[in-house]
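Undergrad: Sharing a structure below in structure tokens format, with a few things to ask.
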Amino acid sequence: AAAMETRLQFDNRNRTLGLCAKEHFVSDDNVVLTVQGRLDTSTGGVEGKLALRKKFFPEASQAKWFTRADLGASYDSNTDEILYGVQAKKSFELTFDGLLTLDAKGGVKMSAAKRKVWKGKVELSQKIFNFTEDQDLKIKVGYDVARRQPYGQLRENNWTLDTDFRRTWSLKYDL
């Protein structure tokens, strides 16, 4: 079983340091309960998210259509709303070693009040193992169709830098 994920996170919008924790509980039939929380170290404010979803992995004959699909529900303390949704991902390996991929992701979530949240992303991802001694690197560049903006991510073993190349960025350190 995987241990709880914890990290420190700072972004230029909130300008506060957050202590984040996330735990995944996975059943044998790919039902996943995810519990996550964030403590704002400046104000003491707490926010949380809860998600329950069933993951579907395709049979070999269906693999040309999708790599993974999820069906489930989530709750976010910021909106005090339960959302029900479906999402899918399709990965295309662009190199024989699988280190360069093109991923397409999409989905929709809906609230009881029929409010819809659409997601759609296309991203190019490159993994570089042993970039330096004991350091792996992952570079992502993508386009968020729903937000109509590009984004990027640079990740090494414990550090992650996310950006939209315009106004926002965040820095995360995995503990």
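The values are calculated or read from the model by the stated rules, or taken from the named source; none is laboratory data. Everything quoted here is computed from the prediction, not taken from an experiment. Cβ: placed from backbone, ideal geometry, glycine included. Neighbour counts: every protein chain shown. These area figures cover heavy atoms from the full protein model, side chains too; ligands, DNA and RNA do not enter into them. Shrake-Rupley method; radii C 1.70, N 1.55, O 1.52, S 1.80 Å.
Undergrad: Roughly how compact is the stretch 26-69, stated as its Cα Rg over 2.2 N^0.38 Å to two decimals?
TA: Cα Rg divided by the expected 2.2 N^0.38 Å: 1.80.
Undergrad: Measure of size requested: the Rg and Dmax of the stretch 38-134, with Cα atoms as the atom set and Å as the unit; please supply both.
TA: For the stretch 38-134, the Cα-based Rg and Dmax read 17.8, 52 Å.
Undergrad: Given a 1.4 Å probe, how much area per residue of the chain is accessible, in Å²?
TA: 68 Å²
Undergrad: How far apart, in nanometres, would the label points at GLN126 and THR6 be if each is projected 7 angstrom from Cα along the Cα-to-Cβ direction?
TA: Inter-label distance under the simple model: 3.5 nm.
Undergrad: Another question about this same structure. Binning at 5 Å from 0, report for the chain what percent of all alpha-carbon pair distances ends up in each bin.
TA: Values per bin, smallest distances first: 2, 7, 11, 15, 20, 24, 14, 6, 2, 0, 0.
Undergrad: Find how much the distance from ASN14 to GLN149 grows on full extension, using 0.36 nm per residue of separation minus their present alpha carbon separation; answer in nm with one decimal.
TA: 46.6 nm
Undergrad: I need the chymotrypsin sites (Phe, Trp or Tyr not before Pro) found in the stretch 133-175, filtered to DSSP loop residues with at most 12 other beta carbons within 10 Å of theirs.
TA: PHE165
Undergrad: How much length is gained on full extension from LEU33 to ARG68, taking 0.36 nm per residue of separation minus their Cα-Cα distance?
TA: Gain on stretching LEU33 to ARG68: 10.9 nm.
Undergrad: Can you tell me which lysines have their Cα less than 17 Å from the Cα of LYS140? Leave out same-chain residues fewer than eight positions away.
TA: LYS89, LYS90, LYS105, LYS121, LYS127, LYS172
Undergrad: Fully extended, how many nm does the chain gain between LEU94 and ALA113 (0.36 nm per residue separation, minus their Cα-Cα distance)?
TA: 2.7 nm
Undergrad: First check a/c for the stretch 50-100, with a ≥ b ≥ c the square roots of the eigenvalues of its C-alpha gyration tensor; if it is under 1.5, answer rounded, and if not, answer prolate when a/b is larger than b/c or oblate otherwise.
TA: Judged from the Cα gyration tensor, the stretch 50-100 comes out prolate (a/c at least 1.5, a/b above b/c).
Undergrad: Within the chain, what's the longest stretch lacking GluC sites (Glu not before Pro) that sit in DSSP loops with no more than 11 other Cβ atoms inside 10 Å?
TA: The longest such stretch corresponds to 60-132.
Undergrad: Could I ask something else about it? Among the chymotrypsin sites (Phe, Trp or Tyr not before Pro) within the stretch 51-102, which fall in a DSSP loop and have no more than 11 other Cβ atoms within 10 Å of their own Cβ?
TA: When the chymotrypsin sites (Phe, Trp or Tyr not before Pro) of the stretch 51-102 are filtered for loop state and at most 11 Cβ neighbours within 10 Å, TRP65, PHE96 remain.
Undergrad: How big is the shadow of the Cα convex hull of the stretch 82-155, averaged over all directions, in nm²?
TA: 6.2 nm²
Undergrad: Please list, by residue number, every one of the trypsin sites (Lys or Arg not before Pro) in the stretch 69-175 that is coil in DSSP and has at most 14 other beta-carbon atoms within 10 Å.
TA: Passing sites in the stretch 69-175 are LYS114, ARG115, ARG147, ARG148, ARG166, ARG167.
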